C-alpha cells in the first residue's frame, strides 16, 4: 500500500471504535478496525442483560446514525433505556454490518503491539513522519499492518481491577478465582444457580456494583436464604447513591434510589470502609479479610463479585 494513503487503525469495535469508523468514512478516510472478540461489541455481550442508565439519545453517534439512515435503519425512541443486548442488536451490529464499515473490520484480531515503522524506543530521528506498525494476533496468526494514525478504543472491560484495596491482587485472589466474578454477572439468568441461597459479597462503590447488588436483591426475593454484603472503601455509603431524584439522568438517579431503599430495608449488609487485604479459605466457603476502623475483620462468603473498575 502507498504510504501516503494509509488507513487509520481503530483498536476495538465497540461503541467508540465503530463511531470512530463512521466518522472516518464520512471524512473520506479508510478505517482499519481490529476487534479481539468474534463480533461487534464483544465486551458488551458479557453484560447484555444490564440496562443502561443513559437513554438512546445519548448512545447513538451522529455520524453513525447518518450512515445507518441511508439503509432504512429505524432509530430507537430517544427516551428509552436500552439493555446492553439491545444496544448491540439495534445499533452496533447494524453499524458493523454497514457496507462502508464491514469490509474494514478484522474480528478475532488482538493488537499486541504498536510502534513506528523502522523505529524502536531508542531512535527518534524521523519518528513523527514514520507510519505506525501494528502487531496483531489474527485468529492465532501474527500479522503486521501499517497505519497513518491509531485510535485506541479498546476500553478496559477485559482488564478489571483486582480486589486488593491498594490496587494489587489480594493474597488468595488468584487461588480462589473460581468463586470470584469480575464485572456484572447475569444473576437472574444464566448464573442464577451460582448465587441463589448463597452468601455473596459485592466489592465496589460504582454503578456496576449497584447493578449487581440490585439484581441480587431481586434474586433474594425468590431465594430468601441469599445473603448480600456490600464492601466499599468509601467512608459513607450515601456517597455511592449519587444524585438520587435530582440526578441529571433519571435512570442513574433511580439506581441510587433503589439501592438506598434496599440498604435502608436491611436487605444488603454494608461494610464501609472496608479495605480488602486477603481472600482465604473458611470452614465453608471463603473468608474475605480486610482492614476497618475497628481493626482487622473477616466476612464469611461463598461468592465474590468484583466490581472494582
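The values are calculated or read from the model by the stated rules, or taken from the named source; none is laboratory data. What you see is a predicted model; the values in this text were computed from it and never measured. So basically every Cβ, Gly included, is an ideal-geometry build from the backbone, and we count neighbours across all protein chains shown.
Tabulated data
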{"read-out": "Of the criteria (1) surrounded by fewer than 15 Cβ atoms within 10 Å (Cβ to Cβ); (2) modelled with pLDDT under 95, which one residue 119 fails", "value": "(1)"}
{"read-out": "Inter-residue pairs, beta-carbon under 7 Å, first touching a residue at least 24 places away in the same chain (Cβ under 8 Å) and in region 89-101, second loosely packed, with under 14 Cβ neighbours inside 10 Å, 6+ apart", "value": "96/102; 98/71"}
{"read-out": "Qualifying residue in region 193-204 (condition: surrounded by fewer than 17 Cβ atoms within 10 Å (Cβ to Cβ), in a helix (DSSP H, G or I) and over 22 Å from the mean Cα position of the chain (by Cα))", "value": "yes"}
{"read-out": "The listed residue being under 26 Å from the mean Cα position of the chain (by Cα) and within 29 Å of residue 159 (Cβ to Cβ), out of 244, 257, 213, 287", "value": "213"}
{"read-out": "Pick from region 1-26, criterion outside any helix (DSSP H, G or I) and in contact with a helix residue (DSSP H, G or I) (Cβ under 9 Å, 6 or more places away or on another chain), ranking: surrounded by the most Cβ atoms within 10 Å (Cβ to Cβ)", "value": "13"}
{"read-out": "Residue in region 256-270 that is farther than 20 Å from residue 218 by Cα, touching a strand residue (DSSP E or B) at 6+ places or on another chain (Cβ under 6 Å) and at pLDDT 95 or above present", "value": "no"}
{"read-out": "Count - residues of region 122-135 that are at negative phi, touching a strand residue (DSSP E or B) at 6+ places or on another chain (Cβ under 9 Å) and either at pLDDT 95 or above or not in a helix (DSSP H, G or I) (or both)", "value": "8"}
{"read-out": "Extreme residue, surrounded by the fewest Cβ atoms within 10 Å (Cβ to Cβ), among residues of region 254-298 that are in contact (Cβ under 8 Å) with a residue 40 or more places away in the chain and in a helix (DSSP H, G or I)", "value": "258"}
{"read-out": "Hey, residue 251 surrounded by fewer than 18 Cβ atoms within 10 Å (Cβ to Cβ), modelled with pLDDT under 95 and under 21 Å from the mean Cα position of the chain (by Cα) or not", "value": "yes"}
{"read-out": "Residue 99 closer than 30 Å to residue 60 by Cβ, modelled with pLDDT of 95 or more and outside any loop (DSSP other than H, G, I, E, B)", "value": "no"}
{"read-out": "Identity of the residue in region 157-188, touching a helix residue (DSSP H, G or I) at 6+ places or on another chain (Cβ under 9 Å) and in a loop (DSSP other than H, G, I, E, B), that ends up modelled with the lowest pLDDT", "value": "158"}
{"read-out": "Residue count, region 44-76 (criterion: in a loop (DSSP other than H, G, I, E, B), more than 29 Å from residue 245 (Cα to Cα) and either touching a residue at least 40 places away in the same chain (Cβ under 8 Å) or in contact with a helix residue (DSSP H, G or I) (Cβ under 8 Å, 6 or more places away or on another chain) (or both))", "value": "3"}
{"read-out": "Of residues in region 212-239 being touching a helix residue (DSSP H, G or I) at 6+ places or on another chain (Cβ under 7 Å) and in a helix (DSSP H, G or I), the one modelled with the lowest pLDDT", "value": "237"}
